[in-house]
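Reviewing the structure listed below.
Quick note: the coordinates plus some simple rules give every number you see, no bench work behind them. Treat the numbers as computed from the prediction; the structure is a model and nothing was measured. For neighbour counting, all protein chains shown are included, and Cβ atoms are generated from backbone atoms with ideal geometry for every residue, glycine included.
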């Protein structure tokens with residue numbers, strides 16, 4: 001079964017078997033390229049999201065530092081609630097997004113925020129200190145479980 | 001005929017693979033670009049900004065433009081205990097010895113410039129009266145971030161950016177109900193210079209910065225940018 005036979009010099013052209021072999025080699029090479037692309041993309045997104053999560057964690061700790069011990073919690077503080085199914089559709093302050101567009105396309109950067117404390121910090125207890133746990137969670141490409149960044153600290157009445 | 005169908009099928013398959021490579025490559029480029037936006041230049045600039053703001057005196061932070069200098073480029077100034085050699089100077093009592101003003105000014109090319117000006121503070125770290133556009137006053141000038149979005153530029157989802165552009169610095173106050181109020185007046189100005197009618201609520205030590213950074217081609221058709229929220233408590 002010749003392909004593009006050249007009758008003038010007697011060449012038979014490429015056979016179907018050769019074509020299939022060439023396509024197979026091309027497919028293997030492409031697969032390797034795909035894997036490299038996918039790995040690079042995953043690492044880039046992981047790196048970006050971890051940096052953003054650290055930024056948001058820093059912000060949350062600064063907000064705690066600014067808080068006057070024993071006064072009501074600002075509405076910008078996230079609730080003490082673990083992320084459930086479909087947490088990505090939640091709104092601020094439980095879910096914070098960092099807007100990013102690349103070449104006009106939106107990049108999804110969503111973070112679930114959680115803040116837990118015993119209560120004195122916001123006036124519900126009578127102790128002069130409180131143990132606060134701040135947690136940031138986000139979805140990592142290629143992993144089913146959420147990634148997590150957590151900080152725990154003792155806040156004292158000053 | 002059968003051969004033609006087989007060859008056609010193979011061609012379609014090869015074309016499909018090529019297109020997949022193209023789309024995967026594009027998606028890969030987008031992920032890498034957004035990662036670059038967040039974690040390369042911006043991260044280094046944020047370290048400078050956070051460090052300067054944490055060491056600054058809250059009452060000395062001034063936001064530009066403001067009613068006294070409406071034509072100034074976006075930026076901030078603050079009293080700093082860092083001298084021109086960037087050493088943290090303390091008094092004999094161990095308290096910060098205010099010796100310079102640190103400015104962050106967004107120039108017309110989207111460069112965020114950090115510069116200093118030595119100052120003889122009389123006891124208290126008061127806000128600077130220098131104009132950020134006065135380039136002759138600048139000492140130790142350095143570019144900390146490029147491609148910050150300019151005032152008046154339009155971005156998807158945000159529309160046209162206001163007078164502070166991609167360097168939107170504000171002070172955080174809370175209403176009695178816990179709602180956040182952002183203002184460009186620092187707590188000292190609120191309590192001494194302004195009637196409080198329009199700024200009902202209580203001061204906090206918290207400051208907020210929304211930094212919008214674009215890729216170098218952001219003025220062209222396809223926009224690439226990220227908006228990073230930063231919160232800092234000046235320690236003094």
Item to check | Förster radius 56 Å - calculated FRET efficiency between residue A:61 and residue A:26, Cβ distance, rounded to 0.05 | outcome: 0.60
Checklist entry - Helix B:2-39 versus the longest principal axis of chain B: what is the Cα-based angle in degrees, 0 to 90, to the nearest 10? => result 10 degrees
Next on the checklist: Suppose a student asked you for the relative contact order of the stretch B:83-140, using Cα pairs under 8 Å spaced at least 6 residues apart; what percent would you report?
Outcome noted: 31 percent
Next on the checklist: Below 8 Å between Cα atoms, with a sequence gap of 6+, how large is the relative contact order for chain A in percent?
Outcome noted: 18 percent
Checklist entry - Once label points are set 7 Å from the Cα along Cα→Cβ at both residue B:84 and residue A:97, what is their separation, rounded to one decimal in nm? => result 4.8 nm
Checklist entry - How many partner chain Cβ atoms sit within 10 Å of a residue's Cβ in peptide A:16-27, on average, as a whole number? => result 2
Checklist entry - Roughly how compact is the stretch A:16-156, stated as its Cα Rg over 2.2 N^0.38 Å to two decimals? => result 1.53
Checklist entry - Say R0 is 56 Å: what FRET efficiency, to the nearest 0.05, do residue B:95 and residue A:35 get from their beta-carbon distance? => result 0.45
Checklist entry - For the stretch B:40-232, which semi-axes, largest first and in whole Å, follow from the square roots of 5 times the eigenvalues of its Cα gyration tensor? => result 27, 22, 15
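Cα-based Rg of the protein assembly as shown per 2.2 N^0.38 Å, rounded to two decimals?
In units of the 2.2 N^0.38 Å rule of thumb, it is 1.30.
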Item to check | Nitroxide proxy distance, nm - points 7 Å out along Cα→Cβ at residue B:1 and residue B:124 | outcome: 9.7 nm
Checklist outcome for this item: For the stretch B:40-232, averaging the sequence separation of alpha carbon pairs under 8 Å that lie six or more residues apart and dividing by its residue count, the contact order in percent is 18 percent
Next on the checklist: Using Cβ counts within 10 Å as a stand-in for footprinting exposure, how do A:113, B:202, A:137 rank, fewest first?
Outcome noted: B:202, A:137, A:113
Checklist entry - Taking the highest mean first, how do the peptides B:115-125, A:24-34, B:87-97 order by number of other beta carbon atoms within 10 angstrom per residue? => result B:115-125, A:24-34, B:87-97
Checklist entry - Just counting partner chain Cβ atoms within 10 Å, what average do the residues of peptide B:19-30 show around their Cβ? => result 5
Checklist outcome for this item: One finds the C-alpha centres of the stretch B:88-105 and the stretch A:93-143 to be spaced, in Å, by 34 Å
Checklist outcome for this item: Within 10 Å of the Cβ of an average residue in B:165-174, the count of other chain Cβ atoms is 1
Item to check | Viscosity 1.306 mPa s, 10 °C: Kirkwood-radius Stokes-Einstein D of the stretch B:1-133 over Cα pairs, µm²/s | outcome: 84 µm²/s
Checklist entry - Taking R0 as 45 Å, what's the FRET efficiency between residue B:51 and residue B:19 from their Cβ-Cβ distance, rounded to 0.05? => result 0.40
Checklist entry - Using the Cα atoms of the stretch B:1-74 to build a convex hull, what is its mean projected area in square nanometres? => result 9.0 nm²
Next on the checklist: Helix B:41-55 against the longest principal axis of chain B: what's the angle in degrees, Cα atoms only, rounded to the nearest 10?
Outcome noted: 20 degrees
Next on the checklist: Using only the alpha-carbon atoms, what does the stretch B:101-149 span along each of its principal axes? Please give whole angstrom values in decreasing order.
Outcome noted: 38, 18, 16
